[in-house]
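The values are calculated or read from the model by the stated rules, or taken from the named source; none is laboratory data. Quick caveat, the model's predicted, so the values are computed rather than measured. Every residue, glycine among them, receives a Cβ derived from its backbone with ideal geometry; neighbour counts consider all protein chains shown. Just so you know, the surface numbers come from the protein's heavy atoms only, side chains and all, with ligands and any DNA or RNA stripped out. Shrake-Rupley method; radii C 1.70, N 1.55, O 1.52, S 1.80 Å.
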Amino acid sequence: MKEKKIRYNTTGTYETLNHLEKSTKNVWIVLHGMGYLSRFFLKHFKELPPDENYIIAPQAPSKYYLDSAYKHVGASWLTKENTILETKNVLAYLDAIWEAENIPENCKLIVLGFSQGVSIAARWAVHKKLPVHRLVLYAGGIPNELRPTDFDFLRRNKTKIEIFIGNKDEYITEKRLKEELKKIRSLFEGRAEVIIFEGGHELKKEIINSLVE
């Protein structure tokens, strides 16, 4: 057997919450975890002041049924199958959203990744060298291929880096926590704030609400 590649045009969707107006202070790009659809992920951000916060939720491309009843649909960003190629496709999709939205320079850009979305947020920020005001990595792992020099642009931008980990997260063993903390210290050289919160693998609205100034 021989695997071949083909290039073609495709159309994707994404969801937004609120409107981009003169009063907008913060523009969020939020990357959901495995099993979400972007429109449901946006519910976590509805308590933010709507006149000051515009939220963009990209949609992971690979959709699947979540149960044997074939009723509920979720999505995944990447798997271990053709990861390098699929990563390039995801980054191209996010680049297209960035170009389409034309975010004003006076708005503070907040990039948030939750669970599997952490790997996408980190990769895209590095790929695009985004002018991020705040990088929030929430309950997920940072890709192993990234190096400290990849994040030099964050230091130049004076980006605030926050990493949230639940103390009862069922996906984070004691061994994995030690490995992730070591990776965080290496990658961000002490510039990332690690917050251990009370809870499991969940996105808490009170934490989201605390991220706006």
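Couple of notes before you dig in:
- Residue satisfying all of: in the stretch 17-26; open to solvent by 60 Å² or more (accessible area, probe 1.4 Å) and in contact (Cβ under 8 Å) with a residue 12 or more places away in the chain; nearest to CYS107 (Cα to Cα) among these: LYS25
- Spans of strands (runs of 3 or more DSSP E) in the stretch 1-89 with at least 1 residues touching a Gly at 6+ places or on another chain (Cβ under 9 Å): 26-31, 53-58, 62-65, 73-76
- ALA125 vs. criteria open to solvent by 60 Å² or more (accessible area, probe 1.4 Å), under 24 Å from GLY12 (Cβ atoms) and either touching a residue at least 40 places away in the same chain (Cβ under 8 Å) or not in a loop (DSSP other than H, G, I, E, B) (or both): no
Results for (1) in contact with a Pro (Cβ under 7 Å, 6 or more places away or on another chain); (2) outside any loop (DSSP other than H, G, I, E, B), shown as yes or no for each residue.
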position: LEU130; (1), (2): no, no
position: GLU162; (1), (2): no, yes
position: ARG176; (1), (2): no, yes
position: LEU181; (1), (2): no, yes
position: SER186; (1), (2): yes, yes
position: ILE208; (1), (2): no, yes
position: LEU211; (1), (2): no, no
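- Residue list for the stretch 156-185, filter: of a type in the set (Ser, Thr, Tyr) and either at pLDDT 95 or above or exposed (fewer than 12 other Cβ atoms within 10 Å of the Cβ) (or both): THR159, THR173
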